[in-house]
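Single-structure report; data block below.
Throughout, read-outs are computed from the coordinates displayed, never taken from laboratory work. From a predicted model like this one, the values you see are computed outputs, not experimental measurements. All Cβ positions, glycine included, derive from the backbone under ideal geometry; neighbour counts span all protein chains shown.
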Amino acid sequence: MAAPISLPLGQAKAAPRAGVALGDRLFVTGGKSLLLALLLLAVLMPLLAIFWRGLSADAGQGGGLLAARELFASANFRWLLGNSLSVAFSVAAIVVPLAYLFAYALQRTLIPAKGLWRGISLLPLLAPSMLPAIALVYLFGNQGLLRGLLSDNIYGFWGIVLGEAIYTFPHALMILLSALSLADARLFDAASSMGAGPYRAFVSITWPATRQAVFAAFCLVFTLTITDFGVPVVVGGDYQVLALEAYKAVVGQQQFGRGALIGMVLLLPALFSFSVDAWLRRRQGDAMSGRAQVFAPQPSRGRDACFLAIVLLVCAALLLVIGMAVYSSLVTFWPYNLSLSLRHYLFEDTAGGGWLAYRNSVTMAIGTALVGSMVIFTGAYLMEKTQSQRLLNQVLRLLSFIPMAVPGLVLGLGYVFFFNLNGNPLHVFYGGMGLLVICTIAHYLTTAQMTATTALRQLDGEFEAAALSLKMPLYRHFLRVTVPICLPALLDIIRYLFVSAMTTVSAAIFLYSPDTILAAVAVLNMDDAGNVGGAAAMSTLILLTSAGASLLLAAASRGLLRRSQAWRQRAATV
């Protein structure tokens, strides 16, 4: 018999246990069981399959420890590892300081048009990682618009660094914006009263409160760079990296054992970063107390002018890259016929998949957003608001955090090794749209679940106590009370999953079939076939679709939020 629902805050006595309906037991126990099965199949088993394939002694698999020793001791592997580390450290060293200055300008200064600059800075999030690389080809390639500014072409180390820097900049910026948004005005007032200047206040107050976020941003940029192969495919040239080698080993050479071993190596930086970041989070105290006062920056003409110049330079660079990608998709034949046309958007006789790939991506993004948001939000509710089966709750939380430490490339390899086994009854799903949706949900599960958990933890446990005392089924309370109250967070999850599904390529690159090819994968195929204009056109379509969907969802949600959040407005006016 399933254990009864236990309410948080010790209020289970307010509701008779005998009154817990069978429907609630099915909702709680059944929901947790289904979530556990999903996490085991979509997260844990693919990761175990990578280790099984990489460490298997069978020569047809990974070759075991002997093959691993030979691979890791080879000069080629050391060269690839050195290249990957050099690129990752260089990108992180460029991106994190720039993102910190940009975030500081938005949160701690009085520069004008902050909303505009923030919107421009987040544009790379709406496109696949190949878009900046394609724009760099048109800007600094052999026939680039600004080719004369460089002594050499863009292909190689600096091409990868610049492409990855543009791709990872908004990811680091979001972390630092969140960290710099928290500030207690009382600390700055006390520092000012003791004669501390702006620099001293920054060193003694701002930096200690944000250095953990700086490290987290550094680790995120490092991990995203070392596991991305989209940019190296386009502008890498002869400069090879580990992620590209894993991609070629599996897709091009069918060397699954080699791909598994490299995937295991690529998993290490993410695991290390995640572990150290979690350790620092435990050591760092709360940034804001319950008596904190909102910090409001004071006018400073010189400071604001300097930070505005930095913001303008960064936004100009981002607009140049994004604008060049869009412009190149409209040029008839670069660089000989610069008249504008839509010929690249016809996708006729192209190796990329054309409009089929675009329709598949939209379908997968819609499925990921709807199914993923429902599963993730419901699962977060069951873990946070029902305290029965505590061991199961802990297992679910642990499995939900694993995807944060697993790069998409590694997760995609795990799906190949697990779902492509002939003896696996789930093999029938391989190459289908359903598996692509599940993989994408698993890939971005942690961030979405943390958003849902943050919103749910703001709700008092008395809501559930009142529902059970009135003998209202818990699932009905969840639909009628919890979902409307948390609708803003739920809409954020839907938007996040849709955009992520439209732009993802690292995990899905191994899982598609000719009928389920995706737009981001089509960009790679068209660029590989020499159709750079078509690749730019498909990247632009992804960007416009992601931006359009975000704007439409924001506009459509206004009415829903006005109705579901009316209680907030009434409470504010009382």
Spin-label model distance (nm) - S33 vs R78, 7 Å beyond Cα toward Cβ: 5.5 nm
Taking Lys and Arg as +1 and Asp and Glu as -1, residues besides L552 with C-beta under 14 Å from its C-beta add up to +2
What is the calculated FRET efficiency for Q255 to V371, with r their C-beta to C-beta distance and R₀ = 45 Å, to the nearest 0.05? 0.85
Each label sits 7 Å from Cα toward the beta-carbon; between L101 and W52 the label points are separated, in nm, by 5.1 nm
FRET efficiency for A113 and F89, Cβ-Cβ distance as r, R0 = 35 Å, nearest 0.05? 0.55
Distance in nm between label sites at L319 and S151, each 7 Å beyond Cα in the beta-carbon direction? 3.2 nm
Under 19 Å from a label point 7 Å along Cα→Cβ of E70: give me every residue in segment 238-263 with its amide N that close. 246, 249-250, 253-263
What is the ratio of the Cα radius of gyration of segment 112-184 to 2.2 N^0.38 Å, with N the residue count, to two decimals? 1.37
Which Rg and Dmax, in Å, describe the Cα atoms of segment 364-515? 17.2, 55
